[in-house]
Amino acid sequence: MKRFLDKVVLITGGNSGIGRATALAFAGDGAKVVIAARRENLGQAVIREIDKEGGEAVFIRTDVTNPMDIETLFKKIFEKYGKLDYAFNNAGFGGPMTRLVKQTMETWDLVINTNLRGVWLCMKYEIQQMLQQGGGAIVNTASTAGISGSPGSAIYSASKHGVIGLTKSAAAEYATKNIRINAVCPGPIMTPMLEEGFTARPPMKDAYLSTVPMGRFGLPEEIAGAVLWLCSNEASFMTGYSIIIGGGQTVTP
């Protein structure tokens, strides 16, 4: 029996990396998947993968830094499906690796608007719909950088700390409304974004790997499995928590 038959899930940033893996996993488990992202060519490629396996998915071009795009996204979801059972707020941007004093206002705005304001705006619409229909589950993408500091990525780290704060506060506000809100905190996951960073700065690869006690990078599918579990009835008594999936990255000082 598929766990998410006739359920509707929204995945922001669902066209690549962790988002893509989660979209495929949800579709394989019976859900109707809405992929919201900027790059339509990648989004449509994921749609074709899901269609090929007999699943159902739609792509809605969305820039989560644009409030009008987010408003349009939710209008289209509700026009097509009339409900939203689950949401994975995953769209994110890392920004350049450089010391804090060399960061720019432009980088601050882009990272914070993508990683933090975008999650907050999406949650506003998701929660309003879930209140009307009697419940739902939301998972936000934070990071191990949201648990500890991340030298060279102060703005990114600040945004992910903020996501954890949003997750906890919203979970407490809506715990009695049958809306569960949790977060996943991935460590170094081998995604196209991480690979691009390694290509630009090859020494980063060994530096990142040295922080992971398990001695390897994670896979997008390993994060997807946690997201599906958090949305499932198996996690029905869990809200306000941030699951660290980093190969032991935050275990040692």
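Laboratory data are not the source of any read-out in this text; all were calculated from the coordinates shown. Since this is a predicted model, take the numbers as computed values, not measurements. For neighbour counting, all protein chains shown are included, and Cβ atoms are generated from backbone atoms with ideal geometry for every residue, glycine included.
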Plugging the Cβ-Cβ distance of Y81 and V101 into 1/(1 + (r/R0)^6) at R0 = 45 Å yields, to the nearest 0.05, a FRET efficiency of 0.45
Show me the three semi-axes of the equivalent ellipsoid for the chain, from the C-alpha gyration tensor (sqrt of 5 times each eigenvalue), largest first, rounded to whole Å. 28, 19, 19
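Can you tell me which of 99-106, 65-72 comes out highest on packing, and rank the rest after it, using the mean Cβ neighbours within 10 Å?
65-72, 99-106
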Lys and Arg at +1, Asp and Glu at -1: neighbours of M97 with Cβ under 13 Å from its Cβ sum to +3
Segment 28-89 to segment 131-167: how many Å between their Cα centroids? 21
Within a Gaussian network of the chain (alpha carbon springs, distance under 10 Å), most fluctuating of G92, G54, G136: G54
Can you work out the FRET efficiency for the pair A200 and W120, with r the C-beta to C-beta distance and R0 = 41 Å, to the nearest 0.05? 0.85
Angle between the chain longest axis and helix 40-52 axis [Cα atoms, degrees, rounded to 10]: 50
Measure nothing fancy, just the Cα-based angle from helix 118-133's long axis to the longest principal axis of the chain, in degrees from 0 to 90, nearest 10. 20
Starting from the Cα of K2, draw a straight line to each of the lysines and keep only those under 21 Å, dropping any in the same chain fewer than 8 residues away. K32, K52, K83
